[in-house]
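The values are calculated or read from the model by the stated rules, or taken from the named source; none is laboratory data. The model shown is predicted, which means the values in this text are computed figures rather than measured ones. Note that we place each Cβ from the backbone using ideal geometry, even for glycine, and neighbour counts take in every protein chain shown. In case anyone asks, the SASA skips ligands and DNA or RNA and just uses the protein heavy atoms, side chains included. Shrake-Rupley method; radii C 1.70, N 1.55, O 1.52, S 1.80 Å.
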Amino acid sequence: MPNSPSDRSAPPRRVTVQRKGPLLVEGPVEVELEDGSLVRSDRFRVALCTCRRSRRYPWCDTSHRDRA
């Protein structure tokens, strides 16, 4: 399996943690949800929702932002 945790030749994925915001992950990524289903994004960077308010969960749609 390419890019598996045991594959030391693959470069590590960068995950950026933001206070009051999503996790930014260098893509492409594949995310396994609680029910076991997989979702994939081929984008160069994705935002993963941490507040669960996104209508596009697990992808962030900025629903966590305070509205003025």
Selection count, the stretch 18-41, where residues are open to solvent by 70 Å² or more (accessible area, probe 1.4 Å), in a loop (DSSP other than H, G, I, E, B) and at pLDDT 95 or above
1
Do you know which of the residues in the stretch 42-58 that are touching a Leu at 6+ places or on another chain (Cβ under 7 Å) and either in a strand (DSSP E or B) or more than 20 Å from Gln18 (Cα to Cα) (or both) is most open to solvent (accessible area, probe 1.4 Å)?
Arg45
Cross-chain or 6+ apart pairs with Cβ under 9 Å, the stretch 18-39 first and touching a residue at least 40 places away in the same chain (Cβ under 8 Å) and under 16 Å from Asp61 (Cβ atoms), then surrounded by 11 or more Cβ atoms within 10 Å (Cβ to Cβ) and among the aromatic types (Phe, Trp, Tyr):
Pro22/Trp59
